[in-house]
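K.L.:
Input: one structure, supplied below.
The values are calculated or read from the model by the stated rules, or taken from the named source; none is laboratory data. Fair warning: this is a prediction, and the values are worked out from it, not measured in the lab. Backbone-built Cβ (ideal geometry, glycine too); neighbour counts: all protein chains shown. We work out accessible area using only protein heavy atoms, side chains counted, and drop any ligands, DNA or RNA first. Shrake-Rupley method; radii C 1.70, N 1.55, O 1.52, S 1.80 Å.
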Amino acid sequence: WDEGLMVTISAPVYENDDFHGVVSLDFTLDTLSQYVDSLALRGRSLPNLFVISQNNELLAHSTLINPKDTDVADASSAFPEPLRDRLEEIDHLAPGQFHQVDNYWLIRQDFTFAPWSLIFWIPRGELRLITLASTDTLFLVLLPGLGIILVVASLLTRQAFIRPASLLVQHIKKEG
């Protein structure tokens, strides 16, 4: 019965200073990958979201992990080409914050229960497009509408109040 590659997490169990044993959990890499794949953003899968170990092994990825794999993939395979030689630098980035590395935005979050990191990268230009696409349509419709209302209000104000007042001032100057 072969479930594919697995990873084990273990922790000692103590009561005060008395050692009681060890608790361990086994996860198949395929199960971890299915979990990562379930973290879709607005129904869109995130192929640039993955889990790596402290040894730069790829533990979870929506497309690069296969239950029939016999070897653990290197973490660099989940990064775009310009970032593949920068794993050590990426490993030292402050967790939980976006960092710009080359032309990519990258965020790394360390797990509290295992020596793993969840990593997400996105090209800078694509982040702008996602931000624009996620902007509420109502806002995008209202903003130009508000601009049109301001222009019309300005024209009406000039025509109905400012122009007649200006003509009155000019008339008073001539008569005075």
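K.L.:
Using a 1.4 angstrom probe and counting only protein chains, how large is the accessible area of residue 15 in Å², to 10?
P.N.:
Solvent-accessible area, nearest 10 Å²: 110 Å².
K.L.:
Take every Cα pair under 8 Å in the stretch 43-117 that's 6+ residues apart, average their separations, divide by the length, and report that relative contact order as a whole percent.
P.N.:
About 25 percent, as a whole number.
K.L.:
Just the ratio, please: alpha-carbon radius of gyration of the stretch 89-130 over 2.2 N^0.38 Å, N its number of residues.
P.N.:
Normalised by 2.2 N^0.38 Å, the Cα Rg of the stretch 89-130 equals 1.23.
K.L.:
So how far apart, in nm, are the two label points at residue 124 and residue 110 if each is 7 Å from Cα heading toward Cβ?
P.N.:
2.8 nm
K.L.:
Among residues other than residue 56 whose Cβ falls under 10 Å from its Cβ, what is the net charge (Lys/Arg +1, Asp/Glu -1)? Don't skip to the answer; put the middle values down first.
P.N.:
Values: positive: none; negative: 57, 74, 88, 91.
Local charge sum for residue 56: -4.
K.L.:
Once the piece of chain linking residue 103 and residue 74 is laid out straight, how much longer is it, given 0.36 nm per residue of separation minus the C-alpha distance between them?
P.N.:
8.2 nm
K.L.:
When you have a sec, figure out the Kirkwood radius of the stretch 37-124 from all distinct Cα pair distances and drop it here in Å to one decimal?
P.N.:
Computed over the stretch 37-124, the radius equals 13.4 Å.
K.L.:
Excluding residue 95 itself, calculate the net charge of residues whose Cβ lies under 13 Å from the Cβ of residue 95, where each Lys or Arg counts +1 and each Asp or Glu counts -1. Write down the numbers at each step before the final one.
P.N.:
Working: positive: 108; negative: 91, 110.
Around residue 95, the charge tally is -1.
K.L.:
Using only the heavy atoms of the protein chains and a 1.4 Å probe, how would 36, 13 rank by accessible area, largest first?
P.N.:
Order by accessible area, largest first: 13, 36.
K.L.:
Let me ask you something else. Summing Lys, Arg as +1 and Asp, Glu as -1, what charge do residues with Cβ under 12 Å from the Cβ of residue 117 carry, residue 117 excluded?
P.N.:
Residues near residue 117 contribute -2 overall.
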